[in-house]
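The values are calculated or read from the model by the stated rules, or taken from the named source; none is laboratory data. What you are looking at is a predicted structure, and each value in this text was computed from that prediction instead of being measured. Positions of Cβ are backbone-derived with ideal geometry, glycine not excepted, and every protein chain shown enters the neighbour counts. Surface areas here come from the heavy atoms of the whole protein model, side chains and all, with no ligands, DNA or RNA. Shrake-Rupley method; radii C 1.70, N 1.55, O 1.52, S 1.80 Å.
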Amino acid sequence: MNDNRVAIAGAAGRMGRHLIEACLQHPRLELSGAVVRAGSSLTGRDAGELAGQGAVGVRVTDNLTEALQAANVLIDFTLPDATVDNARLCADKGVAMVVGTTGLGEEQKQALENAAGVVPIVLAPNFSVGITLSLRLLETAARVLGDDFDVEVVEAHHRHKIDAPSGTALRMGEVLAKALGRNLDECAVFGREGRTGERDPSTIGFETIRGGDVVGEHTVLFLGDGERLEITHRASSRMTFARGAVRSADWVVGRGPGLYDMEDVLGLASPQGDAGSLSGPGGSGAGIDSIV
Ligand code: NAD
């Protein structure tokens, strides 16, 4: 039996099916559970077949407690309330977590923070390597360009996405605001309409596009006088996120309690840590507010 046995919450979702596939492809991970919402008609199906991979002998269940008995890490891509319930149970059972759910409110963030005081949790609004690296590029660009350039974040996702702006866009905003010495809560402008007046140079603007089957696109524009810089990331497959989440599951088992992010998983986190509120041992120290 492999060391790291993975249960997946939200197994029937768009991400869940890719997570099953990515887990089955990983050399050191074993899929031990696949959890769907209570009462789902998919209960009892083979998890591998659910993901179009052929039977693997793992039955889909709607009982997380049962699924956690055989697992030492839970990957959760569900809904904010479900993720909070699942985190409480993982803390209770001593099971590590990888959380990809976005759109968490303040209380939900606090509940995850509490759970991370008991078990290690990797939390990221975007598990792609490209986005994680782009956060570093944005930080550098904002520091170099400073207040002379207006900053706007534009994101596009498929028509089924239920939160806006994306967790990734907000995370980008946090990184940009911090590099520019601003507070995102005070400087964010979400969409514009009507007689807005001239642009306030201290703001960071967010625009959201929803439609079709767009997997996820983010562009940050630095707009100056006579030149403009654009940093764009385009995800063309959900397997990008699934592979990052599965890689995080392999990484997080055996860590001390704490809240980690994808920068920790990739080894990009600064040794001194960030100025955030919660730090896992060896973690970046990024506060939950700056992650979700
Ligand atoms: P989806 O609606 O296709 O899937 C969510 C699934 O969770 C559904 O099948 C739903 O029935 C199930 N679910 C709800 N409550 C549950 C519970 N208590 N137990 C088990 N399953 C439950 O959505 P999706 O596109 O797969 O996205 C899921 C989440 O992941 C969203 O918040 C999305 O923004 C986020 N996401 C994150 C990343 C990332 O890299 N972090 C990438 C893509 C999507």
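For residue 46, the criteria (1) within 16 Å of the ligand (Cβ to nearest atom); (2) farther than 17 Å from residue 246 by Cα hold in every case but one, which is (1). Pairs meeting the criteria (first residue in the stretch 104-123 and in contact (Cβ under 8 Å) with a residue 60 or more places away in the chain, second residue hydroxyl-bearing (Ser, Thr, Tyr) and open to solvent by less than 30 Å² (accessible area, probe 1.4 Å), beta carbons under 8 Å, at least 6 apart or on different chains) are 104/83; 112/83; 120/260; 121/260; 122/248; 122/260; 123/260.
Test residue 59 against the stated conditions and say whether it is more than 10 Å from the ligand (Cβ to nearest atom), under 13 Å from residue 246 (Cβ atoms) and open to solvent by 50 Å² or more (accessible area, probe 1.4 Å). So residue 59 does not fit the description; no.
Checking the stretch 110-123 against the condition returns no match, with no residue being modelled with pLDDT under 95 and either over 26 Å from residue 254 (Cβ atoms) or not polar (S, T, N, Q) (or both).
I'd like the full set of residues that are open to solvent by 30 Å² or more (accessible area, probe 1.4 Å) and either basic (Lys, Arg) or in a strand (DSSP E or B) (or both), limited to the stretch 234-249. Across the stretch 234-249, the qualifying residues are 234, 238, 243, 247.
Does residue 198 count as within 14 Å of the ligand (Cβ to nearest atom) and either farther than 30 Å from residue 96 by Cβ or in the same structural domain as residue 34 (by TED's automatic domain parsing) (or both)? Considered against the rule, which asks whether it is within 14 Å of the ligand (Cβ to nearest atom) and either farther than 30 Å from residue 96 by Cβ or in the same structural domain as residue 34 (by TED's automatic domain parsing) (or both), residue 198 comes out as no. Residues in the stretch 20-43 that are under 10 Å from residue 61 (Cβ atoms) and either crowded, with 20+ Cβ neighbours inside 10 Å or in contact with a Pro (Cβ under 8 Å, 6 or more places away or on another chain) (or both): 33, 34, 35, 36.
Close contacts from the stretch 144-159, counting a first residue that is outside the structural domain of residue 224 (by TED's automatic domain parsing) and among the acidic types (Asp, Glu) and a second that is part of a helix (DSSP H, G or I) and at pLDDT 95 or above, with Cβ to Cβ under 9 Å and a gap of 6+ residues or different chains, come to none at all. Every test in (1) touching a strand residue (DSSP E or B) at 6+ places or on another chain (Cβ under 6 Å); (2) free of Cβ contacts under 8 Å to residues at least 60 places away in the same chain; (3) more than 10 Å from the ligand (Cβ to nearest atom); (4) not polar (S, T, N, Q) is passed by residue 64 save one, and that test is (3). Could you tell me whether residue 131 is of a type in the set (A, V, I, L, M), assigned to a loop (DSSP other than H, G, I, E, B) and under 20 Å from residue 242 (Cα atoms)? No, not satisfied. Across the stretch 147-165, a minimum of one residue is classified as assigned to a helix (DSSP H, G or I), away from the ligand (no atom under 14 Å from the Cβ) and under 30 Å from residue 225 (Cβ atoms).
Based on this model, can you work out whether residue 171 counts as within 13 Å of the ligand (Cβ to nearest atom), assigned to a helix (DSSP H, G or I) and either open to solvent by 20 Å² or more (accessible area, probe 1.4 Å) or among the basic types (Lys, Arg) (or both)?
Working: within 13 Å of the ligand (Cβ to nearest atom): yes; assigned to a helix (DSSP H, G or I): yes; either open to solvent by 20 Å² or more (accessible area, probe 1.4 Å) or among the basic types (Lys, Arg) (or both): yes.
Spelling it out, residue 171 is indeed within 13 Å of the ligand (Cβ to nearest atom), assigned to a helix (DSSP H, G or I) and either open to solvent by 20 Å² or more (accessible area, probe 1.4 Å) or among the basic types (Lys, Arg) (or both).
In the stretch 1-32, of all residues being among the polar types (S, T, N, Q) and at pLDDT below 95, the one that is nearest to the ligand (Cβ to nearest atom) corresponds to 4. Taken over the stretch 201-228, the criterion of being away from the ligand (no atom under 16 Å from the Cβ) and either in a loop (DSSP other than H, G, I, E, B) or exposed (fewer than 15 other Cβ atoms within 10 Å of the Cβ) (or both) is satisfied by 201, 202, 203, 224, 225, 226, 227, 228. Evaluated against (1) within 15 Å of the ligand (Cβ to nearest atom); (2) in the same structural domain as residue 245 (by TED's automatic domain parsing), residue 135 falls short on exactly one condition, (2).
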